[in-house]
Amino acid sequence: MPKMAGMLANKLSIRILGIASDEGTIKVLGPSRSQKKIFSKIISMMESQGYNGGPVFIDHAFNETSAQALASKISEKWPSAEIVCLPCGGLCSYYAETDGLIIGYGWGVASPQA
């Protein structure tokens, strides 16, 4: 997404869901006007990609509240999820922009049982 479009979406409180493409870019999947809807889309995407518990990393750009809220939603769906929330650094904060989140997870791999 062009930087200007991202800034405009942020000002209008539009959340954009994107994923890493095979070409190494960010592929925009769609917008949403509320945090609740975008979190539902994230959970659905994780499920459709085969996530069934295990590691999840949520990096936030000055938005720890939303990172923790998403972590809570993921934990509700997958109690075995091992979630770590961290502030973005360097290049990640550029792509996430202020208030953005970057989520990484291991799909298709269950958490080891103790």
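At-a-glance table
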read-out: Of S21, S66, S75, the one that fluctuates the most in a GNM where the chain has Cα springs shorter than 10 Å; value: S21
read-out: Helix-only CD estimate at 222 nm, as mean residue ellipticity for the chain, using -39500 (n - 2.57) per DSSP H run (n ≥ 4); value: -11500 deg cm²/dmol
read-out: Within the accessible area of the chain (1.4 Å probe), percent carbon and sulfur; value: 59
read-out: Cα→Cβ-extended label distance, 7 Å offset, between V84 and M45, nm; value: 2.1
read-out: Full-extension gain in nm, T98 to F57, via 0.36 nm per residue minus C-alpha separation; value: 13.0 nm
read-out: Antiparallel content of DSSP bridges confined to segment 22-114, in %, to 5; value: 45
read-out: Overall dimensions of the chain by Cα: Rg and Dmax, Å; value: 14.0, 48
read-out: Formal net charge of residues neighbouring K73 (Cβ-Cβ distance under 13 Å; K, R +1; D, E -1); value: +2
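The values are calculated or read from the model by the stated rules, or taken from the named source; none is laboratory data. Quantities reported herein were computed from a predicted structural model and do not represent experimental measurements. Counting neighbours? That spans all protein chains shown, and the Cβs are built from the backbone with ideal geometry, glycine included. In case anyone asks, the SASA skips ligands and DNA or RNA and just uses the protein heavy atoms, side chains included. Shrake-Rupley method; radii C 1.70, N 1.55, O 1.52, S 1.80 Å.
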